[in-house]
Every structure is written in structure tokens, then in C-alpha cells.
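Q: Submitted below is the structure of interest, expressed as C-alpha cells.
The values are calculated or read from the model by the stated rules, or taken from the named source; none is laboratory data. These figures come from a predicted structure and were not determined experimentally. Heads up, the Cβs are rebuilt from the backbone with ideal geometry, glycines too, and the neighbour counts pull from every protein chain shown. Just so you know, the surface numbers come from the protein's heavy atoms only, side chains and all, with ligands and any DNA or RNA stripped out. Shrake-Rupley method; radii C 1.70, N 1.55, O 1.52, S 1.80 Å.
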Amino acid sequence: MIARDLVLKQSCAFSFLEVFMKDLLEAIWQQVDTDYQPYEDLFHICKETMKTDLKLGVSYLKKLSDKLEMVIPITEDEDDIHSFFSLHKRVLLAAAPHDFESYLLYVEWNRDPEKKFYPPRRAILKQVVDSLQRLADDELDLLAISLPPGTGKTTLAIFYLTWLGGKIPDKPMLTGSHSNAFIRGVYDESLRIFDRNGEYLWHDVFPGVEVTNTNAKDCRIDLGNRKRFETMEFTSIGTGNAGLYRAATLLYCDDLVSGIEVALSKERLDKLWETYTTDLRQRKIGDVCKELHIATRWSCHDVIGRLEQEYEGSDRAEFITIPALNADDESNFDYAYGVGFSTRFFHEQRDIMEDANWRALYMNQPIEREGLVYHADELRRYFELPSDSPDAIIGVCDTKDKGKDYAVLPVAYVYGQDYYIDDCVCDNGLPNIVDVRLVDILVRNRVKMCRFESNSAGGRVAEKVQKDVKARGGITQITTKFTSENKETKIIVNSAWVKEHCLFKDESLYQRNSEYGRMMNMLCAYTMAGKNKHDDVPDVMAMLAEFAQSLVGGGVEVFRRPF
């Protein structure tokens, strides 16, 4: 085979190792080769590479591991299958002390497939694992992870702690949480992984490291040499940690917000931030200690929210959020072996939970209840349009600017002083596709007048849409208006008019993942108390308020001359 010939000809030419490895890998990758020997030879060359270039050698081991996962299922010879499995295990073991994902796959090698943690969750958690690796490789200083409950984020962090403990046993790590029960759980699970007689292969990865001391009362585990500050220390926040704990490798904070009661109180969140900065973060030693935060995003004023503001624009911090449901309203966590959550489960949870709680706990969208401009339960609703013909049909459009901005165009059927929002576009797709949809909604609803905001690309879009509407026989007269006032002020001062005059469809008439549902979610998520991810919908409703009021003519009154 091509790969084996390369090995036989050049296996001793280690001075040209990097060039040789690239040629060899390319040869192997271009063919589905079930001949075992080239892979065995390649493994030994990877190990030789690690002696002179650790990072390069580990990267080759990972590629070899990926290739073995492809080759094993299609290998027919039973002896080769056994050899491939044995080789795959040795490849993972060689990489495990340096590569977190290889560690995850190796330490569970002997466990029953249905009991394994990482393999069934790998498709989703891989992006988190890669970021944890970047944290360990000093490419990040801070990593924050927000996933729905029960999806494996804390268990993944426990494996991470045990991996770092084996790599750097003589420096302390500190884990903090709001709960003593949580702390004890992490402590106990770490000991299970360290157990030489247990089902995990941790001692294979770190054969020269032993558990030298444990303290169940104070939740401390020491690895390697005995020292004042143990390798793994665990504490609940606010219990007075001065002089008792240090963090040199990692400060790991998990769910510092105990629940919704704290999240609803700005004062308690302020106090929590103060406690975190003075009680936990002050335990860090030097500039090399990394931070890992895992938490439900209850509020933009919680610890992760404030860190996000502090590190905005920094390439040394990463904030990962994976919601329960994807853009197609399907589960992101439907893991193998029934260890995850189906789309049906999440839909049922959404149906029985209060919307703000659902979005915070499962979609990781922090909601500031006290600062909400539009509460869903205070909006006027309707089941069907009045039977009479409307006085007018109007629309307003806030065009898509850039990035993840949305193009929003609500259509209002006007009956006297009431404006029924009966149709909408709420789309952040490609501009050329969105422009076609804007034309469609204006023609479909026979909108008489529509105002486009002319800021940025709005004027160009308005001109193009007007031309296309006319070409399709539409009757819409489009006007443009440049807005110079502060957007937040405009939204707030016009919110009262929207609540008084606008009627929205009853919630039973649309799906939450529909375009109309997306519009309503964005409207009811806008807050004065924190940073808003999307303000396009409340902004366009403010535009509607101003446009509607501009169409109302002044009254005429006849009166006697006063002189």
C-alpha cells in the first residue's frame, strides 16, 4: 500500500520528520486503507515527533485517532479489528496527558458504552471540549459556558479538573459554588475518577501521580507532593475563604446564582458580584491562573453577564451558549443511549413553564423582568380581524443592517384608533432573499403606505422594494425617514402608544418558533435594565407609533373672534 511504502522507505529519516509526516498523512487520508501495519508505523513516528515538537506530535496523534475511528467499522478481518482497537487505545493514551478530548475518550475506555459520559454527547460537547483545551493551552484567560440543566456541563468540568490535576499536581485549583451539596458532589465524583480500583483509567494517563491526601470535611484532595494548599480545593461562595484557599492553575465557578430569587433582585446580584470579586477571585495567584465559569444565564447582571461586559472585544475570553432548541425548534441535546433530551421533552417543558424562566433556564437568554418595556401579559390581543373593511393597511420597515441584525416589517390593519398587527417579516437572512420577502408581504397584504427607515442601507432597499412592488402590481407607496434620535429613548417614549393602540395575535394563533412568534419574543425581551441582544422589533414598533401619529390630521374648529 502507498502509506506502508512511504514508511518503509523513510521511517528512519527523522530529520525530515515534519515533511515526511505530511506526506504520510496525506497518503493515508486519501485512501480508505484497512491494512493495519502502516497505522502502527505511523503511531511510532507520531511518538518520535512528540520528542522534538510536542504540539505537532499530539496533533498527528489526534488525526490518527480520527482516522482509526473511520477505519475500524469497515475492517472485516477479526485479527485486524482487534489490532486496530488496541492501537486506538494506545494512541489515545499517548495523547491523553496533553489533549483533553483524548483523555476523555481514554479514561472511559473500559466502561460499558451505555454508561460512558463523553462519546454519546461528543457531537454537541466537542466545541466546549475544544475551548477547554484552549484554556489549558494559554490561548484563553477566561471561559464561560451556559447550557441547559442536565446536559453534562458540570460532569465535563469534573473531568477537566481531574485532567488538570494530573497534569499539574503541585499547584492548587479552587472550585466555588453557591451550594455545599454541589461542592460535595464534585469532590466525591473526582475521587471516583481517581480510584485505582474503579472503572476509570486515570492512573494509566498519570502513572507517576498519586492521591496523597483527602479531607472529606473540608472537601480537599491533594495529588503528588503534600503541600499547604491542596491540588483540588472546593468551597461555597461567601463562607470566608481568606487564607484558606489558593488558585494557581484554575478558578472554577459553577452556578454562583442559587436560583430565580437571587436573579430577580438587582441588590442581591450586586452583592454576589462583590463577593465573587473579593472572596473567590482574590484567591488567584499571579497572572497565569485561568477562570472557568459554568452557569445558567438568569440575568445580565449575574457574574457571567458582568464578565462579558468587562471582556467585551477581548480575544482572551470566550462565552459559549448552546440553547435547548436550535433554529428549527429541535433539540440540541438528543444524545445517544437516551441520556439526553428529545425535542418533545423540551417542547413540553416550554409549554408548562413561565416564558421568561424557560428562556433563562433552557435557552440561556437572560431576562431582566423589572426592566422589561413590554410584558407579554399586558399586550392587547385578538383572535380575528373585525368583519368590516379596515380604514387603512400600513407598514413600517427597519431594514437589515449587518451581521445578525434583523429586517422587521409589521403590517398593521387600521380600524379607528386600533392597529391590528396581522402579518410580519422578521428575518436576518441574506439581504437579497429578505428583500424579496419584503416585496411579498407588501403585495400580499395590499399595504397602502409603508415607511422605511433610511439609515444605513435603508434608502437603497426602499428604492429597490418600491420598484419591485410596482412591477408586481402592488399598490404600496413607500416613503423613507432618516432617524437621528437616540434609539433607546425612541423605544421607551413610544411604548405607551404601542400598548394602547396595537393589538397582537393571541398566543394560540402562532407557534413560538414562527416568524410572528420570533417577533413577539424579541418585543417582550427588550429591557431597560441591561444590554439587549436584539432591539430591532421594539425599534420598528416605535417607528410604527411615530408613522401612525404623523398620518392623523389636525382638527378644525370655528370660533368667534375675541376682539
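Q: Quickly run through segment 121-145 and pick out the residues that are touching a helix residue (DSSP H, G or I) at 6+ places or on another chain (Cβ under 7 Å) and either closer than 17 Å to F341 by Cβ or modelled with pLDDT under 95 (or both).
A: L125, V128
Q: Still on this model: Within segment 81-108, count every residue that is over 27 Å from E189 (Cα atoms) and surrounded by fewer than 18 Cβ atoms within 10 Å (Cβ to Cβ).
A: So the answer is 5.
Q: For the subset of segment 343-399 comprising residues that are among the β-branched types (V, I, T) and out of contact with any helix residue (DSSP H, G or I) (no Cβ under 6 Å at 6 or more places or on another chain), which member is modelled with the lowest pLDDT?
A: Step by step, filter segment 343-399, then rank; the result is I352.
Q: Now for a separate question. Given the criteria without any contact (Cβ under 8 Å) to a residue 40 or more places away in the chain, open to solvent by 60 Å² or more (accessible area, probe 1.4 Å) and of a type in the set (D, E, K, R), does R268 qualify?
A: yes
Q: Here's another thing I want to ask about it. Which of the residues that make up segment 458-504 are surrounded by 15 or more Cβ atoms within 10 Å (Cβ to Cβ) and in a loop (DSSP other than H, G, I, E, B)?
A: Once the filter is applied, which keeps residues that are surrounded by 15 or more Cβ atoms within 10 Å (Cβ to Cβ) and in a loop (DSSP other than H, G, I, E, B), segment 458-504 yields G474, T476, T483.
Q: Could you check, for segment 161-182, whether at least one of its residues is open to solvent by less than 10 Å² (accessible area, probe 1.4 Å), closer than 30 Å to G286 by Cβ, in contact (Cβ under 8 Å) with a residue 24 or more places away in the chain and of a type in the set (V, I, T)?
A: Among the residues of segment 161-182, at least one is open to solvent by less than 10 Å² (accessible area, probe 1.4 Å), closer than 30 Å to G286 by Cβ, in contact (Cβ under 8 Å) with a residue 24 or more places away in the chain and of a type in the set (V, I, T), which makes the answer yes.
Q: For A457, state whether it is over 19 Å from S550 (Cα atoms), in contact (Cβ under 8 Å) with a residue 40 or more places away in the chain and among the small types (G, A, S).
A: Yes, satisfied.
Q: Further question on the same structure: So in segment 319-335, with the set limited to residues that are open to solvent by 50 Å² or more (accessible area, probe 1.4 Å) and not in a loop (DSSP other than H, G, I, E, B), which one is farthest from Y362 (Cα to Cα)?
A: Among those that are open to solvent by 50 Å² or more (accessible area, probe 1.4 Å) and not in a loop (DSSP other than H, G, I, E, B), it is F319.
Q: Next up: If you scan segment 421-457, which residues turn out to be open to solvent by 30 Å² or more (accessible area, probe 1.4 Å), within 26 Å of H501 (Cα to Cα) and hydrophobic (A, V, I, L, M, F, W, C)?
A: Those that are open to solvent by 30 Å² or more (accessible area, probe 1.4 Å), within 26 Å of H501 (Cα to Cα) and hydrophobic (A, V, I, L, M, F, W, C): V443, M449.
Q: Which of the residues that make up segment 184-200 are in contact with an Asp or Glu (Cβ under 8 Å, 6 or more places away or on another chain) and among the aliphatic types (A, V, I, L, M)?
A: The one that is in contact with an Asp or Glu (Cβ under 8 Å, 6 or more places away or on another chain) and among the aliphatic types (A, V, I, L, M): V186.
Q: Right, next: Closer than 30 Å to R316 by Cα, assigned to a helix (DSSP H, G or I), small (G, A, S) and open to solvent by 10 Å² or more (accessible area, probe 1.4 Å): which single residue out of A157, A123 fits that description?
A: Among A157, A123, only A123 is closer than 30 Å to R316 by Cα, assigned to a helix (DSSP H, G or I), small (G, A, S) and open to solvent by 10 Å² or more (accessible area, probe 1.4 Å).
Q: Answer yes or no: is there a residue in segment 294-311 that is open to solvent by less than 50 Å² (accessible area, probe 1.4 Å), assigned to a helix (DSSP H, G or I) and of a type in the set (K, R).
A: yes
Q: Pick out the one residue from T212, T231, T249 that is of a type outside the set (F, W, Y), more than 30 Å from I322 (Cα to Cα) and open to solvent by 10 Å² or more (accessible area, probe 1.4 Å).
A: So the residue among T212, T231, T249 that is of a type outside the set (F, W, Y), more than 30 Å from I322 (Cα to Cα) and open to solvent by 10 Å² or more (accessible area, probe 1.4 Å) is T212.
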